[in-house]
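K.L.:
For reference, the structure I am asking about is given below.
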Amino acid sequence: DIQMTQSPSSLSASVGDRVTITCRASQTISNYLNWYQQRPGTAPKLLIFSASTLESGVPLRFSGGGSGTDFTLTISSLQPEDFATYYCQQSFNAPITFGQGTRLEL
Amino acid sequence: HLQLQESGSGLVKPSQTLSLSCAVSGGSIRSGGYSWSWIRQPPGKGLEWIGYIYNSGTTYYNPSLKSRLTVSLDKSKNEISLKVSSVTAADTAVYFCARVRGSGLFDYWGQGTLVTVSS
């Protein structure tokens, strides 16, 4: 199985800050990397797919990058609704695996 | 607008079988180009992919659960079902169904249903 490791596991920030979350795969996954946002008590929401493509309707302050084994999710200017947990997920091969999550706190 | 809604037994006894359904509205599970998946999340923990099924009926399961899983489609009801046999407390989780687009990204999710395994 491909292991996905996110860092940091938690992050404290303020409204307006720029933050970056990293995700590392245990083997190369090309750009088969997706990012999700999960607010408490709700289902995850797809933000970015194929490492850097923004899902329709997702604000432009979100961006993704990387390829191979190292990836990033950046939020350029935090808004109150962005405080949530973020997960990366690889779809390079089965079994599909997720990172352990990064909790973004105010 | 596609919507998914999970339902099923919220409390299951150890060693019994967990059974859930996912009703899809606003679209057909027969639609080409998509498959359907189950994902679970133990309380306070991360996400675990369970398996997915194509509209042809072909399934792919997480090897860690494969021996206990059955995922199927009911095209007449536009539903996806999940059965997990021989459950233990480790199967306690919120179970989500999701549509799979492309190479394995989950673009629509149900709201999730909590299943507790306890005697």
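The values are calculated or read from the model by the stated rules, or taken from the named source; none is laboratory data. Treat the numbers as computed from the prediction; the structure is a model and nothing was measured. Don't worry about glycine lacking a Cβ; one is built from the backbone with ideal geometry, like all the others, and counts go over all protein chains shown.
K.L.:
B:Leu105: among the hydrophobic types (A, V, I, L, M, F, W, C), surrounded by fewer than 21 Cβ atoms within 10 Å (Cβ to Cβ) and without any contact (Cβ under 8 Å) to a residue 24 or more places away in the chain, yes or no?
P.N.:
Numbers: among the hydrophobic types (A, V, I, L, M, F, W, C): yes; surrounded by fewer than 21 Cβ atoms within 10 Å (Cβ to Cβ): no; without any contact (Cβ under 8 Å) to a residue 24 or more places away in the chain: yes.
So B:Leu105 fails the test.
K.L.:
Test B:Val94 against the criterion of being within 16 Å of B:Gly10 (Cβ to Cβ), in contact (Cβ under 8 Å) with a residue 12 or more places away in the chain, under 13 Å from the mean Cα position of the chain (by Cα) and not in a loop (DSSP other than H, G, I, E, B), and give yes or no.
P.N.:
Yes; evaluated as a whole, the condition is true for this residue.
K.L.:
For the structure I just gave you, tell me whether A:Phe83 is within 14 Å of another protein chain (Cβ to nearest Cβ), in contact with a Leu (Cβ under 9 Å, 6 or more places away or on another chain) and surrounded by 15 or more Cβ atoms within 10 Å (Cβ to Cβ).
P.N.:
Spelling it out, it is not the case that A:Phe83 is within 14 Å of another protein chain (Cβ to nearest Cβ), in contact with a Leu (Cβ under 9 Å, 6 or more places away or on another chain) and surrounded by 15 or more Cβ atoms within 10 Å (Cβ to Cβ).
K.L.:
Quick check, is B:Pro42 in contact with a strand residue (DSSP E or B) (Cβ under 6 Å, 6 or more places away or on another chain) and not basic (Lys, Arg)? Don't jump to the end; show me each part of the working.
P.N.:
Details: in contact with a strand residue (DSSP E or B) (Cβ under 6 Å, 6 or more places away or on another chain): yes; not basic (Lys, Arg): yes.
Against the criterion (in contact with a strand residue (DSSP E or B) (Cβ under 6 Å, 6 or more places away or on another chain) and not basic (Lys, Arg)), B:Pro42 qualifies.
K.L.:
Test each condition in (1) within 18 Å of B:Ser76 (Cβ to Cβ); (2) at pLDDT 95 or above; (3) hydrophobic (A, V, I, L, M, F, W, C) for B:Trp38 and report the one that comes out false.
P.N.:
(1)
K.L.:
Moving on. Report those strands (runs of 3 or more DSSP E) wholly inside segment A:31-73 carrying at least 1 residues which are surrounded by fewer than 17 Cβ atoms within 10 Å (Cβ to Cβ) and polar (S, T, N, Q).
P.N.:
Because the criterion is at least 1 residues that are surrounded by fewer than 17 Cβ atoms within 10 Å (Cβ to Cβ) and polar (S, T, N, Q), the strands (runs of 3 or more DSSP E) in segment A:31-73 that meet it are A:62-67.
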